[in-house]
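Each remark here refers to the structure printed beneath this line.
The values are calculated or read from the model by the stated rules, or taken from the named source; none is laboratory data. None of the values given here were measured: they were computed from a predicted structure. Glycine also receives a Cβ, built like all others from the backbone with ideal geometry; neighbour counts cover every protein chain displayed.
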Amino acid sequence: MSDEQALDHERLDDLRILEALIFVSPDPLSVQALSEELDEGVDVSALLEQLKSDYSNRGIQLVSLDGKWAFRTATDLAPFLTKYKVVKKKLTKVAQETLAIIAYHQPVTRAEIEDVRGVQTSSGTLDVLLETGWIKMRGRRRAPGRPITYGTTDLFLDQFGLGAVDDLPGLRELKGAGLLDGTLPANFEVPSSQRLETLMDDEVPLDEDIDEDVDHKVDNEGDGGGF
Amino acid sequence: MSDEQALDHERLDDLRILEALIFVSPDPLSVQALSEELDEGVDVSALLEQLKSDYSNRGIQLVSLDGKWAFRTATDLAPFLTKYKVVKKKLTKVAQETLAIIAYHQPVTRAEIEDVRGVQTSSGTLDVLLETGWIKMRGRRRAPGRPITYGTTDLFLDQFGLGAVDDLPGLRELKGAGLLDGTLPANFEVPSSQRLETLMDDEVPLDEDIDEDVDHKVDNEGDGGGF
Amino acid sequence: MPALKLKLEFYLPPNLPQSRNDQWEQDASSQSDELCADELGAEDRLLVELDGFEGPLDLLLALAREKKLDISQISIADLATQYIEYINDLKKHRLEIAADYLVMAAWLVFLKSKLILPSEEEEEESPSGDQLAAQLAFRLKRLEAMRAKGHELMARPQLGQEFFAVGVPLGRNTVSKIEYKAELFDLLKAYSAQQQRQVVQGYKVKRRQVWSIKKARNRLSSLLGMSIEWAPINELIASFMGAEAPMKTTVASTFGATLEMARDGVIEIKQSGPFQPLYVKSTPNVEESADE
């Protein structure tokens, strides 16, 4: 009995610590980062779920953004908080469209974005999006020319209140309709969108390109030689 | 009945709004400022008290600071919210030099260090060295003013991979390593360091100084008197 | 190749069908928020921005939308016809058209021909007209979907707009512990350098012995005063120094003094040849006059 009570106590304390840690952090915190603050073996994910449900009816909500946790105000209270609105970054139609293509098709190269839009993308568009912090350069595609691949950031998820890339509206429907995979001419591939913390098989880190490029060339030359 | 429910709902909403407002605001909010955001006639103070008690067992607390309200982490969690960081720092040239002098010339007083260095030693340098744990106060020199004598610690030996203080390289080795060149006068010597577990004959323990000092003073005065 | 940007302005020709007119308005307003409706509706003058369209695919989509057709249901052949007509119309009015719009028009002509012709003798590798049409339909559908998702994203509650983070993250109290590092080598180097410096600092510059001309003259006159014999100057110098070897300064000053004294007529100097010993003796009469 007293053991159980002790356990309960510990659980309460762990909950309180998690709560405070997330509250003071300027950025969403990952389960791993939180685990490091508690004793080993504590089931942080379970505690976070409990916290989330503790807050479910409150004005503040515990939300998960790609596995990272933060407190955010409940969206239905927006009318009462207008005073605190920040100046909205207004995106042009082109930038909106490009952002959507990057979000749904990531990792995606500039050429692939252009293929979807049927038109060249001015570098200004990508610059603007990179500046918002919503997209980032992920790596390079393991393909001729080593094009840079783009994807969305945690800030993107936070900005649009998405728990993960999988929560993008209508993602499943688009996938089901085959709109996110390549039924296009062979020279064009549409990568599938997933939760993409790590690089895909056909991606290499941004800074690795030089060595790999050399390897690549050597290989090609070998093939060309026909031995 | 349904009226009451409606009232409860309103109250809940008001609580949620207060909660979100206090959460979002960069500064603590006064009751008046909060009242302005809610319908007239709402008893904001009562709601705040309820919110406060809602949070009383949580990791975040609603606190009143000078009549203004804000969320703060529970004070008992401070130890869990403190981040401990180890900053590696290189010893300054002066500290290195002083440490070396202490190692070679121990037991050595501050005046002696200054004499060897030919410059005044700031107390900061000795403080830093004491902080490293590599030197310690050994005792006091049996001499006028009873100056404190310094020496190296076991931690010093550990740090520098020395089995004993007399493993410190001597004159020949320093010359061999090119650290001392031939412009030295013939009578130049590097003191052979000794490991000095116990106090030397001319040292007295640190804590004995008061009594001894008194005796000493009396003696001195006696001498000074010329009887 | 980047799309040629053209901004076209023309007066609406009276013979242009009304539907076209509608389409322009509709497209222009749906395309760009930047253009205000007033400008567009301004009588018969229309601001046409072909670069208001984001490329031929966008134009195709706009044409399809004009017909309010579900893109999945649309007849690509019809759409192609419309596009070609549209481009031809623009050409009639001598408007410059960006190359990629023309390329698309040409491709659509090709597509139409493929769709009309029976696909019997086609090469295996090249796709059939139906396949090409399906690909175009796919691209249109995909573009439309992405466009819709862009709007949907923007319509979502956003951070800092509809929901908010904590006003001021308090941050964590950081206590940093300083860990000092040093290498034995550094210590030894510091010690050696310091010792060496100390040795240099302890070096006292010896006072240089300078034999002044005045001193030499005094000595010389006291020595010569005793004798009026020719005396070799080397020996005189040696007698100054006693056991020590003569210093350069003594030699130089003594020589200087002899020249001075000779000038004053106090002594006489003789030398048998270059580099031969120098002899001096006092001039007796002058000494007498000095005595007076």
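Residues of region A:145-178 being more than 24 Å from C:R142 (Cβ to Cβ), touching a residue at least 40 places away in the same chain (Cβ under 8 Å) and either facing another protein chain (nearest Cβ under 8 Å) or not acidic (D, E) (or both), which ones? Of everything in region A:145-178, those that are more than 24 Å from C:R142 (Cβ to Cβ), touching a residue at least 40 places away in the same chain (Cβ under 8 Å) and either facing another protein chain (nearest Cβ under 8 Å) or not acidic (D, E) (or both) turn out to be A:R146, A:D158, A:G161, A:G163. If you go through region B:95-120 and keep only what is of a type in the set (D, E, K, R) and out of contact with any Pro (no Cβ under 7 Å at 6 or more places or on another chain), you end up with B:E97, B:E112, B:E114, B:D115, B:R117. Number of residues in region C:138-188 that are out of contact with any Phe, Trp or Tyr (no Cβ under 6 Å at 6 or more places or on another chain), more than 9 Å from chain A (Cβ to nearest Cβ) and in a strand (DSSP E or B): the value is 7. Selection of helices (runs of 4 or more DSSP H) fully inside region B:3-95 by the criterion of at least 1 residues being touching a Phe, Trp or Tyr at 6+ places or on another chain (Cβ under 9 Å) and surrounded by 15 or more Cβ atoms within 10 Å (Cβ to Cβ) returns B:31-35, B:44-54. Can we say B:L126 is part of a helix (DSSP H, G or I) and more than 12 Å from chain C (Cβ to nearest Cβ)? For B:L126, the condition - part of a helix (DSSP H, G or I) and more than 12 Å from chain C (Cβ to nearest Cβ) - is met. Filter region A:63-76 down to the residues that are touching a residue at least 40 places away in the same chain (Cβ under 8 Å) and within 11 Å of chain B (Cβ to nearest Cβ), then identify the one that is farthest from A:G161 (Cα to Cα). Taking the candidates together, the pick is A:F71. The set of residues in region A:115-140 being modelled with pLDDT of 90 or more and acidic (D, E) consists of A:D127, A:E131. A residue that is in contact with a Gly (Cβ under 8 Å, 6 or more places away or on another chain) and facing another protein chain (nearest Cβ under 10 Å) can be found somewhere in region B:27-44.
Scanning region C:174-196 for residues that are touching a Ser or Thr at 6+ places or on another chain (Cβ under 6 Å) and under 20 Å from B:L126 (Cβ atoms) gives a single hit, C:Y180.
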